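Data block below; observations after.
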Amino acid sequence: MDLAVRVGDWVRDREPELLAELAAWIAQPSVSRTGEGMAEAAAHGLELLRRSGLTARAVETGGWPALVGTAPGPEGAPHVLIYGHYDVQPAGPLHEWETPPFEAHFRDGRVYGRGTGDNKGQHLAQLLGLRAVRELTGGLPCRVTVLLDGEEEIGSPNLAKALRQLDKPDLVVWSDGPVHESGRASVVLGVRGIATFELRVNGASGVLHSGNWGGVAPNPAWRLVQVLAGMRDARGNVLVEGFADDVVPLSPGERAALADLPVDVPQVLAGIGVAGMEPPNGLGFYERLTGPTFTINSLTCEDGGEHRTVIPNVAVAKCDMRLVGGQRADRVFAALRAHLDRHAPDVELVPGGAMDPSRTLPESPWTQAVLRGAEAGLGEPPLLLPALGGSLPIAPFTDELGVPCYGVPFANVDERNHAPNENLVLDWFRRGIVASATVQREIAAASR
């Protein structure tokens, strides 16, 4: 009997206990930003690793520990690292939750609670896939390391430190984020990076009356918008010298994958209430999501929303730049500083959080095996996504370890991660368990 069928039967036979395991994991708070429940969550996560037949240990990083589980495979088998994270976002406004965030509530084919999709339900599916294969076949087809990050929701500042304490794998598989917006299964090859920052312009020592001082005192708000206009023009071109110098062009395989992705652009735009896309013109929908961007997140004069007839004494723009293959956050920050030194030395740059991009080419050696395994387990041919529009801490794997990374998401498009009423469709959880097993099988088969 095929492995996918056997694992599917295994899931059905044990569903009540598997869902109870999921519910208990969701009920354990693990908010890395505040520390709520983190020590107890680390102990809980280690026990989940052990239940899946892995030798488990906590790896100290200087921050919240990383949880590591290992299991040997047959001689000469590939070494697969499975990455996930056990920390979650804070609950947010409690009055917006239909049910308490740190209780699992099952209704209408979904489970609700903080961490259901991001990321406890998804990495638990990976662990249960390993457990199923071990129980059904007596062992694993690959050598496996599972790494559960305790700091993903705060930017994974110590992930590279944890990786240096592990053996180098042949490839990395991760399950995070939603499937394709069409609802189709997908395999993701990369993520955009991010550099966040503030631009601050100071004026007079205090707020001034706009009548008594208008035309005399400098207005930092006008100065700020003029500086911003000199950093990106009306055609969408970023004018920060050196910002995009390191961008690596899309490969033929990436362009082919983008061309195969389904999208109804007018319908997508209508869904968000706009009539057209950002400049520049001539770029396809998905091509835009694989390119670098410069976004103004907010503009303020720190007036508390009072909007008095004054000349403000400070103006602040909060911004982010999404980064793509070849770019590095430190080099982008350096380009920003150099641009301001040349053109606006009176403007203060305040760097914020950053994450480098990650890129795995479709031409990489394990791509077809992961696609075959995902199709066998999820029951449909997955779409191949060259990159997510958002950011995840995958760069340490591709850059520091130099190995390909593959995302196989098991969460529904409307998972509401980071928001109230976060949820996971249980069918994706069940199928994810099966796919976790079949991906391991196909990776092993590809090495023979």
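Just so you know, all these numbers are worked out from the coordinates, no wet-lab data involved. Only a predicted model underlies this, so the values are computations on that prediction, with no experimental measurement involved. For neighbour counting, all protein chains shown are included, and Cβ atoms are generated from backbone atoms with ideal geometry for every residue, glycine included.
When peptides 236-242, 212-218, 155-161 are ranked by their average number of other Cβ atoms within 10 Å per residue, the highest-first order is 155-161, 236-242, 212-218. Using Cβ point charges alone (K and R +1, D and E -1), the dipole size of the chain about the Cα centre works out to roughly 500 debye. Largest GNM mean-square fluctuation among W174, W25, W97, using the chain with Cα springs under 10 Å: W97. When the chain is treated as a GNM, springs tying every alpha-carbon pair under 10 Å, which of L349, L383, L289 comes out with the largest mean-square fluctuation? Taking springs between Cα atoms under 10 Å, the residue moving most is L349.
Within a Cβ distance under 14 Å of V201, other residues only, what is the Lys/Arg minus Asp/Glu net charge? Summing Lys and Arg as +1 and Asp and Glu as -1 gives -1. Taking Cα centroids, how far is region 403-434 from region 81-125 in Å? What the calculation gives is 10 Å, centre to centre. Close amide H partners of G353, meaning residues 5 or more places away or on another chain with modelled amide H under 5 Å apart, are T196. Please list the non-local residues whose amide H lies under 5 Å from the amide H of Y406, H modeled 1.01 Å from N, same-chain partners needing a gap of 5 or more. Distant-sequence amide H within range of Y406: V172, V173, W174. Here's the thing: no lysines lie within a cross-link span of K120, going by alpha-carbon distance under 22 Å and ignoring same-chain residues fewer than 8 apart. Relative to the longest principal axis of the Cα atoms of the chain, the long axis of helix 38-51 lies at roughly 30 degrees. Residues K168, K120, ranked from the fewest to the most other C-beta atoms within 10 Å, line up as K168, K120. Report, in whole Å, the centroid distance computed from the Cα atoms of region 18-62 and region 334-395. Here the answer is 27 Å between Cα centres. For region 85-236, a simple Cβ point-charge model (Lys and Arg +1, Asp and Glu -1, everything else neutral) yields a dipole of about 420 debye relative to the Cα centre.
Using a 10 Å cut-off on Cβ atoms, rank the peptides 318-330, 264-276 from the highest mean neighbour count down.
Numbers: 318-330: 20.8, 264-276: 9.7.
For the peptides 318-330, 264-276, the packing ranking is 318-330, 264-276.
Residues whose amide H comes within less than 5 Å of that of G193, counting only those at least five positions distant or on another chain, are L323, V324, S358 (H built at 1.01 Å from N in the peptide plane). Rounded to the nearest 500, the 222 nm mean residue ellipticity of the chain from helices alone is -10000 deg cm²/dmol, with -39,500 (n - 2.57) taken per DSSP H run of at least 4 residues.
Per-residue Karplus couplings for region 439-445, computed as 6.51 cos²θ - 1.76 cosθ + 1.60 with θ equal to phi - 60°, are listed in order as 5, 4, 4, 5, 5, 4, 5 Hz, Gly and Pro entered as x.
Over the chain, what is the relative contact order in percent, taking alpha-carbon pairs closer than 8 angstrom and at least six residues apart?
Values: 946 pairs, mean separation 117.2, N = 448.
Across the chain, relative contact order equals 26 percent.
Straight Cα distances below 16 angstrom link K161 to the aspartates and glutamates E60, D149, E151, E152, D356, D399, E400, with same-chain residues fewer than 8 positions distant left out.
Taking every DSSP bridge with both residues inside region 31-190, close to 50 percent are antiparallel. How tilted is helix 3-27 with respect to the longest principal axis of the chain? Cα atoms for both, answer in degrees (0 to 90, nearest 10). Approximately 50 degrees, to the nearest 10. Sorted fewest first by neighbouring Cβ atoms within 10 angstrom, D9, D346, D108 come out as D108, D346, D9.
In region 405-447, a dipole from Cβ-located charges (positive for Lys and Arg, negative for Asp and Glu) runs towards its positive end, and of L424, G407, A444 it is A444 whose Cα lies farthest in that direction. Within region 185-255, the trypsin sites (Lys or Arg not before Pro) that combine a DSSP coil assignment with at most 13 other C-beta atoms in a 10 angstrom radius are R235.
State the Kirkwood hydrodynamic radius of region 41-162 in Å, one decimal place, computed from all pairs of distinct Cα atoms. Could the numbers behind the result be given before it?
Working: mean 1/r = 0.0642 Å⁻¹.
When all Cα pairs of region 41-162 are included, the Kirkwood radius is 15.6 Å.
Taking Cα centre as origin and charging only the Cβ of basic (Lys, Arg, +1) and acidic (Asp, Glu, -1) residues, the dipole magnitude of region 155-202 rounds to 160 debye. In the chain, the DSSP beta bridges split such that about 70 percent are antiparallel, to the nearest 5. Between region 138-194 and region 250-308, what is the separation of their alpha carbon centroids in Å? Rounded to whole Å, the Cα centres lie 26 Å apart.
When restricted to Cα atoms, region 181-290 yields an Rg and a Dmax of 20.7, 63 Å, respectively.
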